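For reference, the structure is listed below as structure tokens.
What follows is calculated from the coordinates using simple rules that are stated; it is not laboratory data. On a predicted model such as this, the values are computed, not experimentally measured, just so you know. Cβ atoms come from the backbone with ideal geometry, glycine included; neighbour counts cover every protein chain shown.
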Amino acid sequence: MLSSASITPAVEDPSTKRSESTNDTDGQVISNLTNVDGGFQCLLDKVKHDMQAAKDVATFLKKRATIEEEYGKQMIKLAQSMTELYEKSHSKPSSTYGTVWTQFLKVHETIGDQRVKFSGDIAEVADDVQIMCKDTEKSRKQVKEIGIRHERNRLDAESSLEKSKQKYDMLSEDWERAILARNNNDSDHLPKKAGLFKSNKTPAQLKKQVDESCVKANHAQTTYKNQLVTTNATRQDYYQTQLPSDLGTLKSVDDECCTAIRYQLARYAYLFEEALTRDGLALDNDDGQGLRSLTEKIDYQTDISDVVKEYIGKAHKVKKEDIPYKEYPMSATALNVLKPNPVFGVDLTRLMQRDGQEVPAVVIKCAEAVEATGLKTVGLYRVSGTSTQIQRLKSAFDRNCAAVDLTSDENNADVNNITSLLKLWFRELPDPLFPQSSYQHFMNAARIENDRMRVLGLHTIINDLPDAHYATLKYIMCHLDK
């Protein structure tokens, strides 16, 4: 009877042939699973599947050992029962192992009439497989607990972020209501009749309420931003370090299980071949259907790649980018309270009277920023900017026009944002740069056939424009001429 040590050289070569590509395959598998939702569970299921395969092998070998001294009918019966067992638990042989395993049992049906007397060696192989199953199950459980703990930490961080966001929204709403309440109290100049629901708060009390709610909202905002940083850091650590590490450890467990299955089957095949030299042709023939040939066809790297590929086709991609900060959207009424001097959507004459400038500051700032860095830009005033950046700049001008610095790196990163902002300002004018009241005059002047008289007519109409319109038109024309 041959020992385990005597067969070691015969079963090491197949795995050595694939050693060069293992690292690349491992990295690709881990990378693919990291990018999809439920990748860790997919690999857990794969290990469980391979453990069940190993249990099937152990069951087969144990039964094979007990009937080794009986004639071929018992062997055929066993092979058929194991084939049925596998077909019940697997709808199709979707892996190299599954294909080999079904053919492996068919070989035993062809040699069922021969007596085999090496049941002791078969039992030893079965014991090794069972030990390997227990070790794999223990390792899988440990890695699963670690992976669940890591995922729970990420989910807890995301839950804390959501709670802090909800608190931030709630306190911001309270602040907004306080602002509106104080504004309504200040703007109501008519005496009200006393009633059951009349508020008895004085202006000082309302101001105190606004200040207190503002402090709470700012504190909640700070907490939310800090939690946002913490959560994003936790997510980055999870997706870039913890999850790849857990997947790598779990795949190593699966690799050891699959390698052991292939090794033990090859070991069994070798013992079987040595014990039944008379059946050598049935065991290993030129058609590649012998037991040794079949075991060498087991490619667990291909199996796991196929499983992962099939799973990825159904799974959802993981969104690993940072969660963006979301500013609380105040109502238009509250914004009007906080922004008493807007520049968008305000009549030119009113702007001039309010700010004391013939040309609005927003036009001057935008034009100067374009002239400073963007005159050589291709598609200037034709290519649109980024909508979010345009709205951000618009809000900044409405909040405090004098404080806006368009020369900063943040605001000057794309000159198309500034040109689009200027165009938006002109579009939102209640009365256009060429007033509606002058529209018909311009049309009449344009119909004059004599060139000189047409120019004089247009010149007269332009001179009659309101001061703010005339000054702004003159400034923007000088700017466009550059």
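Listed from fewest to most Cβ neighbours within 10 Å, the set 132, 453 follows the order 453, 132.
The alpha carbon radius of gyration of the chain, expressed as a multiple of 2.2 N^0.38 Å, is 1.73. Here's the list of aspartates and glutamates a cross-link from residue 320 could span, going by alpha-carbon distance under 20 Å and ignoring same-chain residues fewer than 8 apart: 37, 151, 156, 158, 162, 237, 246. Structure note, pairs 216/326; 207/394; 62/117; 63/106; 167/394; 63/144: Cα-Cα distances above 21 angstrom occur for 207/394; 167/394; 63/144. The range 143-183 to the range 440-458: how many Å between their Cα centroids? Cα centres, the range 143-183 to the range 440-458: 65 Å. What the pair-distance distribution of the range 339-481 shows, using all Cα-Cα distances binned every 5 Å from zero, is 2, 9, 18, 20, 18, 14, 10, 6, 3, 1, 0 percent.
As a proxy for reagent exposure, 451, 303, 45 were ordered by neighbouring Cβ count within 10 angstrom, fewest first; the result is 451, 45, 303. Calculated FRET efficiency, residue 249 to residue 158, Cβ-Cβ distance, R0 = 30 Å: about 0.80 to the nearest 0.05. Spin-label model, residue 453/residue 358: points 7 Å from Cα along the beta carbon direction are separated by 3.1 nm.
Taking 7 Å steps out from each Cα toward its Cβ at residue 173 and residue 388 produces label points 2.5 nm apart. Counting beta carbons within 10 Å around each of 438, 395 and listing the fewest first gives the order 395, 438. Kindly identify the range 111-150 as rounded, prolate or oblate by the Cα gyration tensor criterion: order the square roots of the eigenvalues as a ≥ b ≥ c, call it rounded if a/c is under 1.5, otherwise compare a/b with b/c, prolate if a/b is larger, else oblate. In terms of gyration-tensor shape, prolate.
Counting only residues at least eight positions apart within a chain, or on another chain, the aspartates and glutamates with an alpha carbon under 17 Å from that of residue 482 are 368, 371.
Helical runs assigned H by DSSP (4 residues or longer) give the chain a calculated mean residue ellipticity at 222 nm of -24000 deg cm²/dmol, each run adding -39500 (n - 2.57) before division by the residue total.
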